[in-house]
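Encoded as structure tokens, the structure appears first; notes follow it.
Bear in mind these aren't lab numbers, they're just calculated from the coordinates by the rules spelled out. As the structure is a prediction and not an experimental result, all values here were calculated from the model. Cβ atoms come from the backbone with ideal geometry, glycine included; neighbour counts cover every protein chain shown.
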Amino acid sequence: MSIQYPLIMVNFKTYSESTGANALAIARYAEQVSKEYGARIAVALQPADILRVTAAVGIPVFAQHVDAEKPGSHTGYVTPESVKEAGACGALVNHSEHRLRLDIIEDTIKRCRSLGLLTCTCANSSLVGKSLAALEPDMIAVEPPELIGSGISVSKAKPEVISESVKAIRSVSRNVRPLCGAGITTGEDVSSSIRLGAEGVLVASGVVKAKDPKAVLIDFAKALHA
Ligand code: G3P
């Protein structure tokens with residue numbers, strides 16, 4: 001599964017509205033909107049929902065986290081091999097709600113790369129984003145933690161974080177796609193993020209907790225090339 005940009009990545013997190021059968025329902029909306037509007041939409045799922053969704057829809061599916069443990073005598077971890085077998089094409093790494101030590105981030109990116117899994121590494125600031133760019137994940141999503149879940153979009157409240165992050169990440173590596181996230185709920189939030197240089201957005205509650213998730217995805221899709 002190839003990824004194209006600009007990308008809308010919907011992180012389902014552990015919301016009940018996006019778990020189990022609900023995860024499949026929203027993933028189906030994402031596939032429909034992706035087809036109807038030519039928008040690139042990916043979803044990031046809990047481990048137990050990956051196979052259910054990849055078996056039913058043809059959009060890129062990411063794990064929300066993977067552990068760098070190698071196959072063997074380890075208990076209770078989610079290995080990159082397991083999510084790849086379930087049909088995932090990549091993983092989020094170091095999300096603000098699941099932070100990792102830098103050495104573990106490095107190991108995780110290397111393990112995913114060795115298996116052909118894409119990595120969307122998350123950063124809480126443009127400086128952390130710049131540091132992570134040296135590890136050359138496929139994407140870096142910069143998200144100010146205080147805006148996550150707030151409904152106040154990073155593109156409105158802190159547009160400089162987006163423009164500074166894009167510049168900082170690209171100053172280290174042109175191979176890393178800069179994304180942004182936190183508080184994004186409207187098409188205008190998406191289009192302004194793209195105008196500021198982001199090559200995609202990482203969103204969650206604006207879609208998952210919406211009364212009409214498909215309508216929000218359509219609004220986002222239209223905004224990608226506005
Ligand atoms: O992974 C994206 C997420 O952290 C942003 O959350 O609810 O502000 O879109 P939200």
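Can you tell me which of 72-78, 184-190, 108-114, 145-151 comes out highest on packing, and rank the rest after it, using the mean Cβ neighbours within 10 Å?
In descending order of packing, they fall as 184-190, 108-114, 145-151, 72-78.
What relative contact order, as a whole-number percentage, does the chain give when Cα pairs under 8 Å and 6 or more residues apart are counted?
So the answer I get is 20 percent.
For a quick check: sort 152, 105 by the number of other beta carbons within 10 angstrom, fewest at the front.
Taking fewest neighbouring Cβ atoms as first place, the list is 152, 105.
Normalised radius of gyration for the range 1-106, please: alpha carbon Rg relative to 2.2 N^0.38 Å, two decimal places.
1.08
Given the options 71, 60, 80, which has the most mean-square fluctuation in a GNM of the chain, springs set between C-alpha atoms less than 10 angstrom apart?
Result: 71 has the largest fluctuation of those listed.
Where does the chain land at 222 nm, in deg cm²/dmol rounded to the nearest 500, when only DSSP H runs of n ≥ 4 count, each adding -39500 (n - 2.57), divided by all residues?
Result for the chain: -12000 deg cm²/dmol, rounded to the nearest 500.
Mean Kyte-Doolittle of at least -0.5 and a Cα length of 20 Å or more along the axis: which whole DSSP H helices of the chain meet both?
Helices passing the filter in the chain: 21-37, 159-172.
How do 19, 54 rank when sorted from fewest to most other Cβ atoms within 10 Å of their own Cβ?
19, 54
What is the projected area of the convex hull of the Cα atoms of the range 77-146, averaged over all directions, in nm²?
Mean projected area of the Cα convex hull: 4.6 nm².
Can you give me the C-alpha center-to-center distance between the range 20-34 and the range 111-136, rounded to a whole angstrom?
What the calculation gives is 27 Å, centre to centre.
Could you tell me how far the Cα centroid of the range 138-160 sits from the Cα centroid of the range 182-219, in Å?
11 Å
Across 10 Å bins from 0, what is the distribution of all Cα-Cα pair distances for the chain, in whole percents?
9, 37, 39, 15, 1, 0
For a quick check: sort 166, 172, 43 by the number of other beta carbons within 10 angstrom, fewest at the front.
The most exposed by this proxy come first: 172, 166, 43.
Determine the shape class of the range 125-164: with a ≥ b ≥ c the square roots of the Cα gyration tensor eigenvalues, call it rounded for a/c under 1.5, and otherwise prolate if a/b is greater than b/c, oblate otherwise.
Since a/c reaches 1.5 and a/b is larger than b/c, the shape of the range 125-164 is classed as prolate.
Do the alpha carbons of any pairs in 13/130; 13/156; 110/158 sit beyond 27 Å of each other, and which pairs?
110/158
What number comes out for the charge environment of residue 139, summing +1 per Lys or Arg and -1 per Asp or Glu over other residues with Cβ under 11 Å away?
So the surrounding residues net to -2.
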